1. What are the residues whose amide H is under 5 Å from the amide H of Arg62, where those residues sit 5 or more places off or on another chain and H is modelled from the backbone?
2. Could you tell me the calculated FRET efficiency between Asn2 and Arg55, based on Cβ-Cβ distance and R0 = 41 angstrom, to the nearest 0.05?
3. 5 Å is the cut-off here: which amide hydrogens, built 1.01 Å from N in the peptide plane, fall below it relative to Arg132, excluding neighbours closer than 5 in sequence?
4. I'd like the Karplus ³J(HN,Hα) series for the stretch 175-187: coefficients 6.51, -1.76, 1.60, θ = phi - 60°, whole numbers in Hz, and an x wherever there's a Gly or Pro.
5. Starting from the Cα-Cα distance between Ala124 and Arg98, subtract it from 0.36 nm times their residue separation and give me the gain in nm to one decimal.
6. Given H placed on each backbone N at 1.01 Å, which residues far from Phe42 in sequence or on other chains put an amide H within less than 5 Å of it?
Amino acid sequence: MNCYELYGDYTSEDFESCGWSETEEKRTPRPGGYWNPHDGRFLLDGRMHPEDQERMSSLWVRIAGKTHKPLQVIGEFSFVQGDIAAFWQDLAFGTHERDPEGIDLIHQPKVWSNTANAPVTDPAFYFVNILRRIESWDEEKTEIIGSNPVDGYYTGFAIRGGTRVLKKSAVQGAWLWRDAKTLHVLC
């Protein structure tokens with residue numbers, strides 16, 4: 001069995017980072033701040049609060065990359081629960097079909113390409129929120145550092161060094177999940 005940790009490769013020419021805005025134009029700091037999907041509230045089952053899903057879908061995702069290639073993934077998964085990647089429709093639906101109980105899809109109707117200076121209307125994009133949590137790291141062989149969660153928010157746990165060992169028995173049969181402690185995304 002092979003397992004992989006999923007994260008953004010900033011050095012890849014295919015990496016597409018993104019930002020958020022109420023309009024097609026880039027946000028500028030303004031008094032009082034603004035809501036960001038990273039500030040989203042999550043229910044006990046890991047799904048984003050319905051009101052925050054609506055708020056997120058009302059914002060524009062601004063693609064910051066320089067490529068004119070067809071897009072498949074925008075953004076990245078990270079060890080912050082609010083960081084969720086957007087998949088083009090076919091990939092999103094295929095991922096959800098593979099694990100309907102472990103993945104929540106959030107439609108993102110407003111995508112803007114900075115390179116084309118136009119909306120991306122095809123394909124449609126969906127944010128993939130990974131619901132499944134597994135205590136997957138073998139903590140005797142993987143050095144996890146950090147502090148306990150505060151009020152259910154970002155845990156602050158990280159892995160020191162390059163040694164990452166999974167508990168095979170914990171991940172047997174799993175396909176895509178977040179580690180319950182570090183929130184790293186694995187498949």
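Computed from the coordinates by the stated procedures, all read-outs in this text should not be read as laboratory data. Worth saying up front: this structure is predicted, and the values here are computed from it rather than measured. Here Cβ is always computed from backbone atoms with ideal geometry, including for glycine, and neighbour counts include all displayed protein chains.
1. Those lying under 5 Å, H to H, from Arg62 are Gly19, Trp20, Ser21, Trp112.
2. On the way: r = 38 Å, r/R0 = 0.92.
Between Asn2 and Arg55 the formula returns 0.60.
3. Answer set, sorted by chain and number: Arg178.
4. After applying 6.51 cos²θ - 1.76 cosθ + 1.60, I find 10, 9, 7, 9, 5, 5, 9, 8, 6, 4, 9, 10, 9 Hz.
5. On the way: separation 26, 0.36 × 26 = 9.36 nm, distance 1.92 nm.
Length gained between Ala124 and Arg98: 7.4 nm.
6. The list, which skips near neighbours in sequence, is His49.
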